[in-house]
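Below is one structure, written out as structure tokens; comments come after it.
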Amino acid sequence: MALDYLRRHQVMTLATTGPDGVWAAAVFYVNRGFDLFFLSAGHTRHGRNIALSPRAAAAIHSDYTEWTAVQGIQLEGMVQLLQGEARQSAVALYQEKFTFLAQAPPVIQTAFAQVNWYRLRPERLYFVDNGKGFGHRDEINLAADGVGNW
């Protein structure tokens, strides 16, 4: 259920910490298993925070009007700046999910090629489902569910 939820969504709120304190930023992501890949400019506050402290948390959810309908993902883990083949693999995954990028104007495609690419590898991940009770969440056993198998 959690992997399906990740596949059906595309924006996560990424929480980082740095010299100016905690910070949250919404970023588009693509996943392979529970690994989440995203892009960002290194000069952003969350980019600078990641460079100093790669530990991060994230939340993925829709906008709900009834608390009983709330579902989502909460996670924490480590962020890694991608280089070489790992970066190219992330770009290819991203382009598969976000097909509109193929028709993006040249200025966007140039920026897309120059940004940093990151992987957030969860160490702890919960699937929230208020339909099972207020605040109900199940911890996903990442080792059993194949995190890091690629």
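Applying the criterion of being over 26 Å from Tyr5 (Cβ atoms) and touching a Gly at 6+ places or on another chain (Cβ under 9 Å) to the residues of the range 35-48, the residue that is surrounded by the most Cβ atoms within 10 Å (Cβ to Cβ) is Arg48. The conditions of being out of contact with any helix residue (DSSP H, G or I) (no Cβ under 6 Å at 6 or more places or on another chain) and in a loop (DSSP other than H, G, I, E, B) are met by Phe134. Here Ala111 fulfils each of the conditions (1) modelled with pLDDT under 95; (2) closer than 16 Å to Asp35 by Cβ; (3) surrounded by 11 or more Cβ atoms within 10 Å (Cβ to Cβ) apart from (2). Listed conditions (1) within 14 Å of the chain's Cα centre (by Cα); (2) buried (at least 19 other Cβ atoms within 10 Å of the Cβ); (3) not in a helix (DSSP H, G or I) are all met by Val128, apart from (1).
Could you please find all residues in the range 92-108 being in a helix (DSSP H, G or I), surrounded by 13 or more Cβ atoms within 10 Å (Cβ to Cβ) and more than 18 Å from the chain's Cα centre (by Cα)? Give the derivation first.
Filtering the range 92-108 down to residues in a helix (DSSP H, G or I) leaves 92-97, 99-103, 106-108.
Subset that is surrounded by 13 or more Cβ atoms within 10 Å (Cβ to Cβ): 93-95, 97, 101.
Correct list: Leu101 only.
Step by step: first the residues of the range 15-34, then only those that are assigned to a loop (DSSP other than H, G, I, E, B) and not charged (D, E, K, R), then the one that is surrounded by the fewest Cβ atoms within 10 Å (Cβ to Cβ). Which residue is that?
Ranking the candidates gives Pro19 first.
Considering the conditions (1) under 26 Å from Gly72 (Cβ atoms); (2) more than 16 Å from the chain's Cα centre (by Cα); (3) modelled with pLDDT under 90, Phe134 is excluded by exactly one of them, (3).
The values are calculated or read from the model by the stated rules, or taken from the named source; none is laboratory data. Bear in mind the structure is a predicted one, so any value in this text is a computation, not a measurement. We place every Cβ from the backbone using ideal geometry, glycine too, and count neighbours over all the protein chains shown.
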